[in-house]
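The values are calculated or read from the model by the stated rules, or taken from the named source; none is laboratory data. Computed from a prediction, not measured in an experiment: that's the story for all the values here. Here the Cβ is made from the backbone with ideal geometry for all residues, glycine too, and neighbour counts use every protein chain on show.
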Amino acid sequence: MSAPIRNFINGEYVDARTDDGFDVIDPATEEAYGSSPVSGQADVDAAFAAAASAFETWGETTPAERQLALFRIADAMEARAEEFADLESKDTGKPRASLVQDEIMLSVDQIRFFAGEARHLSGMATAEYMADHTSSIRREPIGVIGQVTPWNYPLNMAVWKFAPAIAAGNTTVIKPSDTTPSSTLLLAEVAAEFLPPGVLNVITGDRTTGARMIEHRTPQMVSITGSVRAGMEVAKSAASDLKRVHLELGGKAPVVVWNDADLEAAAEGIGIAGYFNAGQDCTAATRVLVHEDVHDEFVAALVAWARDNAKTGAPDRDDILFGPVNNANQFSRVSGIIDSLPGNATVELGGRRQGDRGYFLEATVVTGLEQTDDAIQHEIFGPVITVQRISSEAQALEWANGVEYGLSSSVWTKDHARAMRFAKHLDFGCVWINTHIPLVAEMPHGGFKHSGYGKDLSTYGFEDYTRIKHVMSFIG
């Protein structure tokens, strides 16, 4: 019997005002373990009404009050870390053994970071920039925020959205992915002990629910982490009433490995960054460009490392790096990409389904693809690493930048000057050097081009949830 999933509005769980719903599927077993409503217009209206009412008082709170609330939420989440990890593993199929440290405590740390940011408002100095007039800057909350999160990091992405928004004095309505609602609902339940009713609301549903949120007249800003297609639809919809838009979309990270790189270290680092979370990460190291002098040696090292270390299986196993692909649609999509690789491609490792139950795909390495092939140009979002051969810095930069995405990248070399040249010319929001994928709360995450705009994490991510007002006073 599947357990019902309920919305969390105005500080409590409530039943959706709809008969529409769907099963929530365990990706490791393909069995339903919950049922979720498709929240309709009445549910969306109720959530935004609660957020709007709460903003009248929450927007007037002091930074110290907001900071204290976030610290208490972080402490409560840490105390219930095992419960969060259980839900996250069930929803996503991620390895249970590493979830507390890899994601739950990371989310706790990020909430604490934004608690600090609440009391770190920036602006120009109050001064007389014109004779007899004193100018100052007010940094204010925007108002009600509508936020949509993805299924690859459900809890972490909810934290990236709600924590800076609430730290800045906004209120929010979050819609988690239809396949992974559980940990976000628990987050709202935990936060409700420390926040006034209506400050943080969560509604479940599918794409139609998300569209209703974006089209709603109440939110002054909408934020989404998702696909490029979804981001474009959000931007078009939000333009109808000039909502602010924050978009963190797909990626196709180039990973440039030069002939002086430590190949064993590169193979391990790229393998982890490419296969972690089954490659379902918009920053994943899945598009590798290797200098021709060491191409074959690197491929051999990557295949050997992946064969020994990039294991997949049921989330309760301790010996796996990643679990299943999250859902049936994504499993079909990634399998289809592998099955339709062009004749010039060579599958050096993997390329097959593992077992006959659950959405498990083997760690896969593909060589021989051309720059124009679909598997190079478009995000796969699965455990597939492609390796291309390059001969010069100019070619490496041309191919690295020759995609529509601009989120993250890395370069592996012992030559500092070369690393700095690539850091300058790579058209991506993040450039890692001799590493790939580490994130810290103090530094911004966000991309260019079709990877969207706006920043998560850092002071810049906090400032995205504020508005700036100039106040000038005549003193003559």
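Name the single residue, out of those in the range 67-121 being aromatic (Phe, Trp, Tyr) and under 18 Å from the mean Cα position of the chain (by Cα), that is nearest to TYR153 (Cα to Cα).
PHE84
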Is it the case that some residue within the range 181-199 is modelled with pLDDT of 95 or more, surrounded by 24 or more Cβ atoms within 10 Å (Cβ to Cβ) and in a strand (DSSP E or B)?
no
Filter the range 421-438 down to residues that are under 30 Å from ALA165 (Cα atoms), outside any strand (DSSP E or B) and without any contact (Cβ under 8 Å) to a residue 40 or more places away in the chain, then give me how many there are.
3
(1) crowded, with 24+ Cβ neighbours inside 10 Å; (2) assigned to a loop (DSSP other than H, G, I, E, B): which one isn't true of SER410, the others all being true?
(2)
Search the range 295-314 for residues that are crowded, with 20+ Cβ neighbours inside 10 Å and pair each with any residue that is hydroxyl-bearing (Ser, Thr, Tyr) and part of a helix (DSSP H, G or I) when their beta-carbon atoms are under 9 Å apart and the residues are at least 6 apart or on different chains.
ALA306/TYR275; ALA310/TYR275; THR312/TYR275
Among the candidates ARG389, ARG418, residue that is part of a helix (DSSP H, G or I) and of a type in the set (D, E, K, R)
ARG418
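Rundown of residues vs (1) assigned to a helix (DSSP H, G or I); (2) farther than 25 Å from TYR359 by Cβ; (3) without any contact (Cβ under 8 Å) to a residue 12 or more places away in the chain, yes/no style:
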site: LEU106; (1), (2), (3): yes, no, no
site: ALA115; (1), (2), (3): yes, yes, no
site: ARG119; (1), (2), (3): no, yes, no
site: ALA125; (1), (2), (3): no, yes, yes
Selected residue [aliphatic (A, V, I, L, M), surrounded by fewer than 16 Cβ atoms within 10 Å (Cβ to Cβ) and at pLDDT 95 or above] from ALA394, ALA400
ALA394
Which of the residues spanning the range 346-361 are in a loop (DSSP other than H, G, I, E, B), surrounded by fewer than 18 Cβ atoms within 10 Å (Cβ to Cβ) and either among the β-branched types (Val, Ile, Thr) or touching a residue at least 24 places away in the same chain (Cβ under 8 Å) (or both)?
GLN354, ARG357
Members of the range 294-314 that are part of a helix (DSSP H, G or I) and under 11 Å from TYR275 (Cα atoms):
ALA306, ASN309
